[in-house]
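Below is one structure, written out as C-alpha cells; comments come after it.
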C-alpha cells in the first residue's frame, strides 16, 4: 500500500512523484513529528522539476516497490522542491558537504527527527558502481547506524548542526527574528582600487583557449560577468574585454540554442560543448542583464544580438499567458514514448516542429521574476526595445497583484494550482524590489519605484544605533533544529541581500534620503570585502561596492518621446555611481508627487537634461552638445 501525500502539492516536482510507491510527505513539522513518534530517521530527497539526474533516480529507485517498502518501514520520507524551499536546500547542502564535495541534485539527506543532518549524498545508483554504493546499500547502512550506533549518529548530527550555524554567521543571513546586516556601520566598503585589482586576478584565471573560467563542468556565471561589465563602465577596459570575450565564447558555443536564443544551464566540457540541457530563468535573466549592460559600451559586438536572442526566448518560451515567467524548461523530452535528454534541442526547426517540446517547470517564483524584470529593463533601455520593457511591465504588474499583500511580498512561488505554502525568501524580497526599481527608471513609471520603496521599508529597519536589520521568516523545522543557514554567497544568480541593497541604493538616489544609502552600504560592505578574496561567490557585492564608493550622480532626461536622441545619450551614460532616468513631463510630476525629490521641478521643459550631484543639479541642458558638456564637467 502507499500513503503518498504529494497528489495535492502545488510544486510540479512534488506532483511528478505523486504516483511513486514511496510514502512521500511534504516538508513540515508533521513529518518530523511522525518520525519522532516512530523513532526512525527522516529521509529527505531534494530536487527540482527540470533536474535530469532527479528524473533518473526517480525512475531507478523511487519507482521500485521493494525500495519503497524499505523506506516505508524504516524511515519517514520527505520530498522537497529546492525552488520552493531554498532555505531547506541551503541548510541540507551545507550538511551534505561534510560527506561529499560533489554537491548537486538530487540531494539525498538523512536527518534525525529533530531535523538535524547526520548523513548525506547526492545521486545513488540502483547497483554499486565504481566504489559508489547502491541506494539500497545506503539505506541499510543508515538503518544499521540508527539502530546500533545512535550515539555516533547524534554526535554527527550535533557537529553538522554546529557547522551550519557557523556558516550562517559567516554568511550574514537573517533569522526568524531578524539579523543585523553583517559588519554594520563599522565595516567600510572596499576601496575601488582594491575592487579593480580583482579584475586583474580574474584575467589571469581566464581560460584563454575556450573562454570563461574554470574547467569542466563550465558555467556561465552571470553575476561575475555583470561585475566585469560594471568594472569596465568604471573605466577598466580590460574588464570590458574579458566580459565581451566570455559572452562571445558562450554565444558561439553549444551552450546557446541557435533557434530560440535560450542558454542552457552549463556545459559538461571545458570547450562549452555537451550542454546540460535544462534552461533556467535565472541564468538567462542574468546573462540578459549582462549583455544589455555591455551593449551600451560595445554596441558593435556580440552583446546586442545575444540580449535580443535571450529576450526572445523569455518571451516565446518561459512567458505565461498572463505575463509572468516560469522557472525553467526541462532537459528531457518524450520521444517515441521514452524520456530522452537533449534530443529535442539537437533537432533543427523542422524536427522540433514534429515533436513535443520539453515540458516547463511552471513555478512562478517572485525572486526569479524580479531578475527577469531587472534584466529586461536594463536591456530594453540600452537597446531602445519597447517589447522588452513591456514584458518587464507585464510581469511586474502580475506579481504586484498576486504575490504581495499590503505592499509586502507574501508569496514566494505559485503555479496554476495556487500559491505555495512556503514563505518568501530573502531573494524574493530583494530581487523583486530591485527589479521594480530598475523598471521604474526604464519605463518612467513612478508606481514601480513606489512599490520598491514599500517592499524595502517593510523588509529593513534601522535601529537606534543606525544598524540595519533585515527580517525574513525562518522555516519552523530549521529554526527548532538550529540549522537555518541564512543566505549563502551568490552562485549562479544574484543574491537577495544584494538585490535589496541595489534597490536601496536606487531609492537613495531617487529620494535623497541618506537612510537608504546607509542600508545599501551596510548590506554590501561585509560581502564585498569577502569578495576581494573570493570573487566567484560575491561578484554581485563587488559591483555594488563600486557604485556606492563613487560620488552619487543623477541624470534626469525629460523628453516628450522616449526615442528622443537626448534620451539615448542619457542612457548610454550609465555607469557605477550614476543613475539615469528618462521621463516625460507628466511622469516627472508623478515621481515628484510620490515623494521622489529628484524629480521636483523637472516638468517645465522638454527636451531637457538635468545632471545632478547628490541631488544638486546644474542648469538644464537643452541639446545633445550641452548635455555632453554638462556630463563632462
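A few notes on this one:
- Residues that are buried (at least 24 other Cβ atoms within 10 Å of the Cβ) and in contact with a strand residue (DSSP E or B) (Cβ under 6 Å, 6 or more places away or on another chain) within segment 191-235 comprise 212, 218, listed in sequence order.
- The listed residues are 542, 536, 523, and the only one of them that is surrounded by fewer than 20 Cβ atoms within 10 Å (Cβ to Cβ), in the same structural domain as residue 439 (by TED's automatic domain parsing) and in a helix (DSSP H, G or I) turns out to be 536.
- Selection within segment 44-53 - buried (at least 24 other Cβ atoms within 10 Å of the Cβ) and not in a loop (DSSP other than H, G, I, E, B): 44, 46, 47
- Evaluated against (1) out of contact with any strand residue (DSSP E or B) (no Cβ under 8 Å at 6 or more places or on another chain); (2) assigned by TED's automatic domain parsing to the domain that holds residue 452, residue 568 falls short on exactly one condition, (2).
- Residue identified as more than 27 Å from residue 274 (Cβ to Cβ) and free of Cβ contacts under 8 Å to residues at least 12 places away in the same chain among 377, 396, 401: 401
- Positions within segment 614-633 being part of a helix (DSSP H, G or I) and either under 32 Å from the mean Cα position of the chain (by Cα) or surrounded by 13 or more Cβ atoms within 10 Å (Cβ to Cβ) (or both), in sequence order: 624, 626, 627, 628, 629, 630, 631
- Yes/no for residue 316 being out of contact with any helix residue (DSSP H, G or I) (no Cβ under 8 Å at 6 or more places or on another chain) and within 18 Å of residue 386 (Cβ to Cβ): yes
- When residue 245 is tested against the conditions (1) surrounded by fewer than 23 Cβ atoms within 10 Å (Cβ to Cβ); (2) within 17 Å of residue 200 (Cβ to Cβ); (3) touching a helix residue (DSSP H, G or I) at 6+ places or on another chain (Cβ under 9 Å), the lone failure is (3).
- Count - residues of segment 599-613 that are over 16 Å from residue 632 (Cα atoms) and not in a helix (DSSP H, G or I): 9
- Any chance residue 10 is over 26 Å from residue 340 (Cα atoms) and part of a loop (DSSP other than H, G, I, E, B): no
- Top-ranked residue of segment 62-102 - restricted to ones that are touching a helix residue (DSSP H, G or I) at 6+ places or on another chain (Cβ under 6 Å) and assigned to a helix (DSSP H, G or I), ranked as farthest from residue 161 (Cα to Cα): 67
- Selection count, segment 317-367, where residues are under 21 Å from the mean Cα position of the chain (by Cα) and not in a loop (DSSP other than H, G, I, E, B): 12
- Selected residue [in the same structural domain as residue 257 (by TED's automatic domain parsing) and part of a loop (DSSP other than H, G, I, E, B)] from 300, 309: 300
- Any hit, segment 77-98, residues being surrounded by fewer than 20 Cβ atoms within 10 Å (Cβ to Cβ), within 20 Å of residue 134 (Cα to Cα) and modelled with pLDDT under 95: yes
- Residues being in a loop (DSSP other than H, G, I, E, B) and free of Cβ contacts under 8 Å to residues at least 40 places away in the same chain - total across segment 123-146: 6
- Filter pass, residue 271 being in contact (Cβ under 8 Å) with a residue 40 or more places away in the chain, over 21 Å from the mean Cα position of the chain (by Cα) and assigned to a loop (DSSP other than H, G, I, E, B): yes
- When the criteria are applied in full, residue 575 meets the requirement of being in contact with a helix residue (DSSP H, G or I) (Cβ under 9 Å, 6 or more places away or on another chain), surrounded by 19 or more Cβ atoms within 10 Å (Cβ to Cβ) and touching a residue at least 60 places away in the same chain (Cβ under 8 Å).
- Residue check for residue 440: closer than 18 Å to residue 389 by Cβ, surrounded by 23 or more Cβ atoms within 10 Å (Cβ to Cβ) and more than 18 Å from the chain's Cα centre (by Cα): yes
- Taken over segment 398-435, the criterion of being under 24 Å from residue 486 (Cβ atoms) and assigned to a helix (DSSP H, G or I) is satisfied by 426, 427, 428, 429, 430, 431, 432, 433, 434, 435.
The values are calculated or read from the model by the stated rules, or taken from the named source; none is laboratory data. Since the model is a prediction, treat every value here as computed from it, not as a measurement. Glycine also receives a Cβ, built like all others from the backbone with ideal geometry; neighbour counts cover every protein chain displayed.
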